[in-house]
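J.: Take this structure, written in structure tokens, and hold onto it; I'll ask about it next.
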Amino acid sequence: MSTWYLGIDLGGSNISAALMDSQGRMRHLKKIKTLAHEGRAKVLSRIIEIAKAVPQEAGIKPQSVLAIGIGAPGIIDVPNGVVLYSPNLPGWKKVPIKKTLQTALKKPVVIDNDANVAAYGEKWQGAGRKYKDIVVYTLGTGVGGGIIVDGEIFHGHSDAAGELGHMTIIPDGPRCGCGNHGCVEALVSGTAIARMAREALAKITQSMLYELCGKIPNEVTAKMVFQAARKGDQLALEIVTQTGQYLGIAIANTINLLNPELIIIGGGVSGAGELLLRPARAEVKRRALKDSLACVKIVAAQLGDQAGVIGAAGIAILAKSTRNNHPGRRRTA
């Protein structure tokens, strides 16, 4: 009998689930709306619904699914499988997702932070397959990250490691959603790029951006900035270059701290490609220690928006094979 693993990526907008085998081959993928505004009970029901539907639609018997992995946004108590807090899921505080799903689905369940899971996906089946020490930056509406050390997710003492978006780059810089000022997220995210464009268009209208946003600066998006930059618009190019320089500073700090083999850049903002990565690499070259710089590569992610479900299946396989659900600090609070 063939055996399968289910990976689930829980997001603020969508829930994705994929059926995979131990070699990383995907059998079936399904996506549904999260409908987070309906409350956590409804969201949990939808996770259970998709977890049952995917094997059924793939023609796989439920008993052939050996374990389930889940990536969830927010602060996660990994060993106990509890979502302590998730800003993208209203009302999600101390949600015992592991216990709830194991009871409903009668399967072993392992849960981790969504950025960690996506990072593991890239390590297992993506750009990091040949590497053991990896740092993954996920650049989107915010900035997430994951750290892989010796092939395994690095969680830190209280499962909170990998918050790459909240390193301070400019002490008195723009306020970040976390409350700090000048974080990577406040300077490099899609939200930050759109803010820089709005601020610039309040002073300069001789730009393709002004036309792309319908002459309403508040409507400008990061996607518009990249579109204009690709067509050579000077203002857009300046914004993307500045963003790349900030990213490069963050990457250089990461290299100097962790000495990884590989830095992977993913997320929607990474779609800017070399427009963003070229100035980032130049900044890294200026700031990273030479010995560490000599052994690291900076590359684009390969799995796109499937990194989460692939990584979730991967951590389920890992947990099943090692018979534990991520060793780490077990919280008592």
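We did not get these values from a lab; they are worked out from the coordinates using the rules stated. Just so you know, these numbers come straight off a predicted model, no measurement behind them. FYI the Cβ positions are ideal-geometry reconstructions off the backbone, even for glycines, and counts take in every protein chain you see.
J.: Show the residues, 5+ positions off or on another chain, whose built amide H is closer than 5 Å to the amide H of I76.
T.: L84
J.: Let me ask something else about it. With a Förster radius of 25 Å, plug the Cβ-Cβ distance of A160 and N256 into 1/(1 + (r/R0)^6) and report the FRET value to the nearest 0.05. Mind dumping the intermediate values first?
T.: Working: r = 21 Å, r/R0 = 0.84.
With R0 = 25 Å, the Cβ-Cβ based efficiency is 0.75.
J.: Next question. Step through the residues of segment 217-233 one at a time and calculate ³J(HN,Hα) from phi using the Karplus curve (6.51 cos²θ - 1.76 cosθ + 1.60, θ = phi - 60°), rounding each to whole Hz and writing x for Gly and Pro.
T.: 3J(HN,Hα) across segment 217-233, in whole Hz: x, 5, 8, 5, 10, 4, 4, 5, 4, 5, 4, 5, 5, 5, 8, x, 5.
J.: For A127, list long-range residues whose amide hydrogen, built 1.01 Å from N in the peptide plane, is under 5 Å from its own amide hydrogen.
T.: Q302, L303
J.: Here's a follow-up. What spacing in nm lies between the two simple spin-label points modelled at R278 and R230, each 7 Å away from Cα in the Cβ direction?
T.: 1.5
J.: Sum -39500 (n - 2.57) across every DSSP H segment of at least 4 residues in the chain, then divide by the residue count to get the 222 nm mean residue ellipticity, nearest 500. Intermediate values should be presented prior to the final figure.
T.: Details: 11 runs with 129 residues, N = 333.
Computed ellipticity for the chain at 222 nm equals -12000 deg cm²/dmol.
J.: Can I ask one more? How would you order 292-298, 75-81, 213-219 from highest to lowest mean count of nearby Cβ atoms within 10 Å? The partial results should precede the final answer.
T.: Working: 292-298: 14.9, 75-81: 21.4, 213-219: 12.9.
With the highest mean Cβ count within 10 Å placed first, the list reads 75-81, 292-298, 213-219.
J.: Pulled fully out, how much extra length does the chain show between A300 and K52, if you take 0.36 nm times their separation in residues and subtract their Cα-Cα distance?
T.: Working: separation 248, 0.36 × 248 = 89.28 nm, distance 3.36 nm.
Extra length available between A300 and K52 comes to 85.9 nm.
J.: Evaluated at 10 °C with a viscosity of 1.306 mPa s, what Stokes-Einstein diffusion coefficient in µm²/s does the chain have when Rh comes from the Kirkwood expression over alpha-carbon pairs? Spell out each step's value before the answer.
T.: Working: Rh = 20.6 Å.
Roughly 77 µm²/s, to the nearest whole number.
J.: Going by average Cβ neighbours within 10 Å, how do the peptides 187-195, 36-44 rank, with the highest at the top?
T.: Descending packing order for the listed peptides: 187-195, 36-44.
J.: Determine the relative contact order of the chain: mean sequence separation of Cα pairs under 8 Å and six or more apart, normalised by residue count, in whole percent.
T.: On the way: 727 pairs, mean separation 68.6, N = 333.
After rounding, I find 21 percent.
J.: Give me, ordered by chain and number, the residues 5 or more places off G173 or on other chains with an amide H under 5 Å from its own placed amide H.
T.: G182
J.: What is the distance, in nm, between label points placed 7 Å from the Cα along the Cα-to-Cβ direction at Q23 and at Q206?
T.: Reported label-point gap for Q23 and Q206 is 6.1 nm.
J.: A follow-up question, please. How big is the Kirkwood radius of segment 127-302, worked out from every pair of different alpha carbons and given in Å to one decimal?
T.: Working: mean 1/r = 0.0606 Å⁻¹.
With all distinct Cα pairs of segment 127-302 included, I get 16.5 Å.
J.: Want the number for N218 to K93: 0.36 nm per residue separation, take away the alpha-carbon distance, what's left? Display every interim value, and only then the final one.
T.: Details: separation 125, 0.36 × 125 = 45.00 nm, distance 3.31 nm.
Net length gain for the segment: 41.7 nm.
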